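Reviewing the structure listed below.
The values are calculated or read from the model by the stated rules, or taken from the named source; none is laboratory data. Source: prediction; values computed, not measured. Virtual Cβ from ideal backbone geometry, glycine too; neighbours counted across all protein chains shown. Surface areas here come from the heavy atoms of the whole protein model, side chains and all, with no ligands, DNA or RNA. Shrake-Rupley method; radii C 1.70, N 1.55, O 1.52, S 1.80 Å.
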Amino acid sequence: MDKAYQSAHESDIYRLWEQSGAFTPVVPSDPVKAREAREPFTIILPPPNANNPLHAGHIMYVVEDILVRYHRMLGDPTLWLPGTDHAGIESQFVFEKELKKQGRSRFDYDRQTLYRLIDEFVAQNKDIAISQLKMMGFSLDWTRLKFTLDPDHVARIYAVFNRMHHDGLVYRDEKIVNYCTFCGTAFSNLEVVHKTVNGHLWYINYGPLSVATTRPETMLGDTAVAVNPSDIRYQKLIGTKLKLPLVGREIPIIGEESVDPEFGTGAVKVTPSHSPEDYDMGKKFHLEFIRIFDYDGRANANVPEKYRSLYPQQVREAVVRDLEAAGLLEKVVDYSHEVGHCYKCGRPIEPITAPQWFIKVKTLADQALQVVQDDTIKIFPKRFKKSYLTWMKNLRDWPVSRQIVWGHRLPIWYNLDENPDTQITFIDKSGKNITDLYKNLKDNFDFAQIKNGLQSLIAPVNAKYYLTEAEALQAGEHTLQETDTFDTWFSSGQWPYSTLGFNPEDPSKSAPDFKYFYPTSLLDTMWDILFFWVARMIMFGLYVTGKVPFEVVHLHSRVNDAQGQKMSKSRGNVINPSTFVAQYGADALRFALVYGVAPGSDISLSEDKLRAQRNFVNKLWNAARFIELMVDKVGITGFSLDPAKFNADDKAIIAELNRVIAATTKNINRYHFGAASEDLYQFFWHQFCDIYIEKVKDRPAEALPVLAHVLLNSLKLLHPFIPFVTETIYQTLKEKLHYTEALLITAAWPQND
RNA sequence: GGUUGUUUAGCUCAGUUGGUUAGAGCGCAUCGUUCACAUCGAUGAGGUCACAGGUCCGAGUCCUGUAACAACCACCA
């Protein structure tokens, strides 16, 4: 054996495991019955972004590998299923950045070309993440590798969408949505980041009363002014009308309870098309909806000529200037408030009315609430249960359509002759971008040109549509598929049953994998996507399969830098796992991630820690090496553990070993990996090496059976945490020490006698 | 605005149902080492467990309040 452990050989060990078939469980011929007899242990890997290398957060998958390896050693049929995610908006955003470097943008391509380019871009990088997962030693079943754009997955989520539509859970509506005019797509509430902005409150004279607003530019779209009905200052004005400054439109004054008489002037301008609160008022009072900003962010024809095609900030400046000139600007005060920003590009979100596809979540959420409430699904650490329940109770309908190309296009088809008011954007033969209603285009362009150059379409909110292309074609040949794609979470929310081969059309025809492995045992992820992902999987799982997708949700820590700061590109403190693996070995990195960490608390990863754990790995290596030297020296041919021959030291170390076996088993069962790893570290280094080994140096022959026994069990206990070094030692010494199992990875977990 | 979490040795953090002198890793000090490992060994210094009350025979641990920090959720102008 080398003087120090060489982590460079880790890939050989990985191949050894993979070739042994240890990662790939065999599905019995009668999976249903087999499952009843002994439930397999199953984890579906949260699919990392196919396009990016792993970041520090992904290496926390080590938690899953610990559990998987532990259960495999317990003899459970064990599956850890890998996959990668196309990561819709994320990948498209990264690709667009690349385009920008070349001086191009998404507007230069029709959607099928853009899709193909992103596909190629993602394919180039696809293997990076996979090789890194292997590098970390993760015992994933690569024979079952999945991708979110695999045709069978796509077919499945389409089938589920159809079923939801059939059940009345899908609808199209023109509601106010969070729209990023830069990214060109709508977002759900979860994708909006609230930031405190130091802005102003403008007091504007509206004639009979004055209003205060943080967004003077939206006054061009005002269709009412609201006051509190109990406000004696304004009571008599309710029901009257006023003339909107700068625009000249007559708008009503309405009485609305939610208006706070104490705030500002006690009167609120109402812009139903550009403010969520005003939208609600607009619906309630049947106000006019006047959208003044288009999807490209510019003011449209609904505003006076002079403001047209300006961006909101420019409109604001112009409006304020004009109000001031007209003597209608009463005062401006500093005011700091919360403004929604796009989580991708960081620009302010424009609340805007737009036709979008929605999922009704009430019935789905009720079930998903119930199963967590009654612990059918247990959430660990427990404190996340409450935030899950709170979130689920207040859930609103889910806007699932995104105006991007990289993803699953909605299975919706429109016949354009039935919907002549559909707005179409395409690139014509000469390469020019054209946007207009279909009825204005159809006589000037042949349909093939529109279809091939298509970038996007916006069908009217009440457009007639079909769920299959065939049906739409029956109505006429001028048929286009919806250009919106699904929110990424609509796809990944269906990951557990989809990867296992569930058949939504006929569940009895589901794959054996589904029958055997579903529901899965545990879902592990970081707490930041509890709502995005975990909640959606629970809703989908219950609705589609009638069963929970997993029995336990384990939420792992966030990996921070050495100072406890969140890693981010802007801070410049992002670490690449590969660097650390190259320097310290995968085992050291794995152990550093769990050593002494409390469940659910964040981790500060420092090189000090990595060095410490590399030293531990080396300590383990050298203890094994010492035992090898002893065997060579003494020349023993067989071992038998005979308690009758134990002296006090032997008894003490065996007793301590038994304690550690029990403690480790208990700690892993309770997901206390920090405690387990710390205990093992202390036992092996300080009890076994520092005390026991030092004491037996003068009686190697008698101690060898005990040395071999403690080493074997230590290797087994440590294997889930540091698989490479333990397997390497095992393979190196198994013959000399008469260990009988072929591989440590499939060896039996130690039992306490 | 609402919710949750954190506050323990110089640094990063453990501390499981409250139980005798509060622990680890790193760092630090002194000594040692050709005989498994300097990626080592031995010894040691270092903490009024954020603060103020309370419950208890007994509180780092449970309760109340305060402060600082962090995160999450949120359509108020």
Problem - Single condition A:His709 does not satisfy, out of (1) over 22 Å from A:Thr78 (Cβ atoms); (2) open to solvent by 30 Å² or more (accessible area, probe 1.4 Å); (3) in a loop (DSSP other than H, G, I, E, B) - result: (3)
Fill in the blank from the handout: A:Gln132 fails exactly one of (1) more than 17 Å from A:Trp495 (Cβ to Cβ); (2) in a loop (DSSP other than H, G, I, E, B); (3) open to solvent by less than 30 Å² (accessible area, probe 1.4 Å), namely (2)
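Which residue, of A:His86, A:His58, is touching a Leu at 6+ places or on another chain (Cβ under 6 Å) and at pLDDT below 95? Spell out the reasoning first.
Details: A:His58 fails: touching a Leu at 6+ places or on another chain (Cβ under 6 Å).
Answer to the check: A:His86.
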Fill in the blank from the handout: Condition set touching a Phe, Trp or Tyr at 6+ places or on another chain (Cβ under 9 Å) and in a loop (DSSP other than H, G, I, E, B), scope segment A:505-521, selection farthest from A:Leu81 (Cα to Cα): answer is A:Ser510
Problem - Top-ranked residue in segment A:473-483 [being open to solvent by less than 30 Å² (accessible area, probe 1.4 Å) and modelled with pLDDT of 95 or more; ranked as nearest to A:Arg402 (Cα to Cα)] - result: A:Thr483
Exercise for the section: Please determine, by comparing only the residues of segment A:641-659 that are of a type in the set (A, V, I, L, M, F, W, C) and closer than 13 Å to A:Leu707 by Cβ, which one is nearest to RNA strand B (Cβ to nearest atom). Expected result: A:Ile653
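Wholly within segment A:211-317, which strands (runs of 3 or more DSSP E) include no fewer than the required count, namely at least 3 residues that are of a type outside the set (Val, Ile, Thr), more than 24 Å from A:Asn178 (Cβ to Cβ) and within 16 Å of RNA strand B (Cβ to nearest atom)? It would help to see each step written out before you state the result.
Working: elements: A:224-227, A:241-243, A:250-255, A:267-270.
Where strands (runs of 3 or more DSSP E) fall fully within segment A:211-317, none carries at least 3 residues being of a type outside the set (Val, Ile, Thr), more than 24 Å from A:Asn178 (Cβ to Cβ) and within 16 Å of RNA strand B (Cβ to nearest atom).
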Handout entry: Whichever residue in segment A:582-605 is among the small types (Gly, Ala, Ser) and surrounded by fewer than 22 Cβ atoms within 10 Å (Cβ to Cβ) and, among such residues, is modelled with the highest pLDDT
Key = A:Ala582
Practice task
Would you check if there is a residue in segment A:399-414 being within 16 Å of RNA strand B (Cβ to nearest atom), crowded, with 17+ Cβ neighbours inside 10 Å and either under 20 Å from the mean Cα position of the chain (by Cα) or more than 30 Å from A:Ser91 (Cβ to Cβ) (or both)?
Solution key: yes
Problem - Conditions (1) in contact (Cβ under 8 Å) with a residue 40 or more places away in the chain; (2) in a helix (DSSP H, G or I); (3) away from RNA strand B (no atom under 13 Å from the Cβ); (4) open to solvent by 20 Å² or more (accessible area, probe 1.4 Å): number failed by A:Thr579 - result: (1)
Problem - Pairs with Cβ under 8 Å, 6+ apart, first in segment A:599-611 and near RNA strand B (Cβ under 7 Å from one of its atoms), second open to solvent by 70 Å² or more (accessible area, probe 1.4 Å) - result: A:Ser604/A:Gln563
Practice task
Could you tell me which numbered condition A:Thr240 fails, if it satisfies all but one of (1) surrounded by 15 or more Cβ atoms within 10 Å (Cβ to Cβ); (2) within 26 Å of A:Val319 (Cβ to Cβ); (3) in contact with a Pro (Cβ under 9 Å, 6 or more places away or on another chain)?
Solution key: (1)
Practice task
Can you run down the residue pairs with Cβ atoms below 8 Å, 6 or more apart or on separate chains, where the first is in segment A:666-687 and within 18 Å of A:Pro750 (Cα to Cα) and the partner is of a type in the set (Ser, Thr, Tyr) and part of a helix (DSSP H, G or I)?
Solution key: A:Ile668/A:Tyr70; A:Ala676/A:Thr664; A:Asp679/A:Thr664; A:Leu680/A:Thr664; A:Leu680/A:Ser714; A:Phe683/A:Ser714; A:Phe684/A:Ser714
Handout entry: Checking A:Val617 against (1) in contact with an Asp or Glu (Cβ under 9 Å, 6 or more places away or on another chain); (2) within 8 Å of RNA strand B (Cβ to nearest atom); (3) closer than 24 Å to A:Arg670 by Cα; (4) open to solvent by less than 10 Å² (accessible area, probe 1.4 Å), the condition it does not meet
Key = (3)
Practice task
Please indicate, with yes or no, whether at least one residue in segment A:181-200 is in a loop (DSSP other than H, G, I, E, B) and modelled with pLDDT of 90 or more.
Solution key: no
Problem - Flag for A:Glu98 being in contact (Cβ under 8 Å) with a residue 12 or more places away in the chain, surrounded by fewer than 20 Cβ atoms within 10 Å (Cβ to Cβ) and not β-branched (Val, Ile, Thr) - result: yes
Fill in the blank from the handout: Log entry, pairs with first residue in segment A:324-346 being more than 27 Å from A:His194 (Cβ to Cβ), second being open to solvent by 50 Å² or more (accessible area, probe 1.4 Å) and not small (Gly, Ala, Ser), beta carbons closer than 8 Å, six or more apart or on different chains, reads A:Ala326/A:Leu246
Exercise for the section: List every residue pair whose Cβ atoms sit under 6 Å apart, with the two residues 6 or more apart in sequence or on different chains, where the first one lies in segment A:136-150 and is farther than 18 Å from A:Gly21 by Cα and the second, anywhere, is part of a loop (DSSP other than H, G, I, E, B). Expected result: A:Thr148/A:His86; A:Leu149/A:His86
Practice task
Take segment A:623-640 and flag every residue that is near RNA strand B (Cβ under 7 Å from one of its atoms) and in contact (Cβ under 8 Å) with a residue 40 or more places away in the chain.
Solution key: A:Ala623, A:Arg625, A:Phe626
Exercise for the section: Kindly list the number of the only condition in (1) under 21 Å from A:Ile89 (Cβ atoms); (2) among the hydrophobic types (A, V, I, L, M, F, W, C); (3) within 11 Å of RNA strand B (Cβ to nearest atom) that fails for A:Ile359. Expected result: (3)
